[in-house]
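Below is one structure, written out as structure tokens; the observations come after it.
Every number in this text was worked out from the coordinates using simple rules, so none of it is lab data. This is a predicted model, so every value here is computed, not measured. As a convention, Cβ positions derive from the backbone with ideal geometry for all residues, glycine included, and neighbour counts pool all protein chains shown.
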Amino acid sequence: MPSAALKNTEYVVDEFSSLIDDSSTTVGSILILARQARHESLERVSKSLRISEAYLAALEVDDRARMPEMVYTIGFLKTYSHYLGLDAEAMVAKFKSQFTQSLKAETLIFPVPAPERSIPSATLVLLASGLAMLIVIAWLYLRPSTEVIDEFQHLSPVVTGETDAELMAPVEEISANAKPEENKVQQQEIISDPKEYTQAHPIFPVPDTRPYEETRALKVQLRENGIYLGEGKTFTIHAKEDSWVEVRNQKGEVLLSKTLKAGDSEELPAVPNQTLSTGNAGGISFFVNGRYYSGLGKDAEVMKGKILHFMHAPVEG
């Protein structure tokens, strides 16, 4: 964890609060002024916060087209504002207001349908009529014959030794006066294989295609007071999908704030009272002391400031 990411956690209210409240200023211009006041380059800030320099540059020039999805952009803006000593919540509110106004300014241009001709031309009618006549003539010429030929007329009839009356005799019904054991035997004789009558095709088991870790994963215990992951000295956050993740210690200092790409992992010390925030709870999992924990939440579910407990969850009464 770079030490520079832990500096200036107090807000510089007197210097920049008036700029934030001024509707004529933009979020990007305030970020540039605050960074220049600290005499820091964008490259250095990017390395300190572990956020892509391209995303930070997009925030500074208010280029929404180059920013990631909204939930990740808000997380990056909060982290950047904290680093510069700005009021992060006020900056997020200003960004949302600015973003909404830009949406209202956009105009939607719908395509104008081409005019339709109500009456087809005479040439098109003649071509369609000729094609229809050719189809009818071809069908009459090529249609199959309806004559039925008995391909087995040369064979002799099969002699079974049973009369027609015996073959047409109904199956003996189960006696209502018989004992249950006798009825059971009769049912087994009539229906030798019940599967033939219950399903036309057997249902084969579908192989489990999930990763091996998923098949043996433990369920994350989520309570009102936080997330329980089990005991361990360190823990690893693993991204199954692209997910923005932020971890802070009990003093509120940022230990990790970045977008983990699918397959990325970050290992951190398992100390008490750490908080976790993420923009995609269903996209991350955890490794603690050799155990795999999954099922934190749904895809794209936002979680904010959840306390991490490295102990077994209490039993609910």
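Over the alpha-carbon set of the stretch 212-309, work out the extent along each principal axis and list the three values in angstrom, largest first.
37, 26, 24
In Å, the Kirkwood hydrodynamic radius of the stretch 3-100 over pairs of distinct alpha carbons? Could you put the intermediate results ahead of the total?
Details: mean 1/r = 0.0754 Å⁻¹.
This gives a value of 13.3 Å.
For the pairs Lys78/Lys258; Lys240/Lys298; Lys47/Lys94; Lys258/Lys304; Lys47/Lys304; Lys78/Lys233, flag any whose C-alpha to C-alpha distance is greater than 18 Å. Kindly include the intermediate steps, with their values, before the conclusion.
Details: Lys78/Lys258 12 Å; Lys240/Lys298 12 Å; Lys47/Lys94 26 Å; Lys258/Lys304 15 Å; Lys47/Lys304 24 Å; Lys78/Lys233 29 Å.
From Lys78/Lys258; Lys240/Lys298; Lys47/Lys94; Lys258/Lys304; Lys47/Lys304; Lys78/Lys233, over 18 Å: Lys47/Lys94; Lys47/Lys304; Lys78/Lys233.
Give me the net charge for the shell around Gly279: Cβ to Cβ below 10 angstrom, other residues only, Lys and Arg +1, Asp and Glu -1.
Values: positive: Lys304; negative: Glu69, Asp242, Glu246, Glu301.
Residues near Gly279 contribute -3 overall.
For labels at Arg223 and Ala262 in the simple 7 Å Cα→Cβ model, what's the distance in nm?
Distance between label points: 3.5 nm.
Taking the Cα centre of the stretch 3-100 as the origin and placing charges on Cβ (Lys, Arg +1; Asp, Glu -1), which of Ser97, Leu84, Leu49 is farthest toward the positive end of the dipole?
Most positive-ward Cα: Leu49.
Report the antiparallel proportion of the DSSP beta bridges in the stretch 212-309 as a percent, rounded to a multiple of 5.
On the way: 30 of 34 bridges.
Here the share of antiparallel DSSP bridges comes out near 90 percent.
Residue by residue through the stretch 220-237, what is 3J(HN,Hα) from phi via Karplus (6.51 cos²θ - 1.76 cosθ + 1.60, θ = phi - 60°)? Round to whole Hz and write x for glycine and proline.
5, 8, 10, 10, 4, 8, x, 10, 9, 10, x, 7, x, 8, 9, 9, 10, 9
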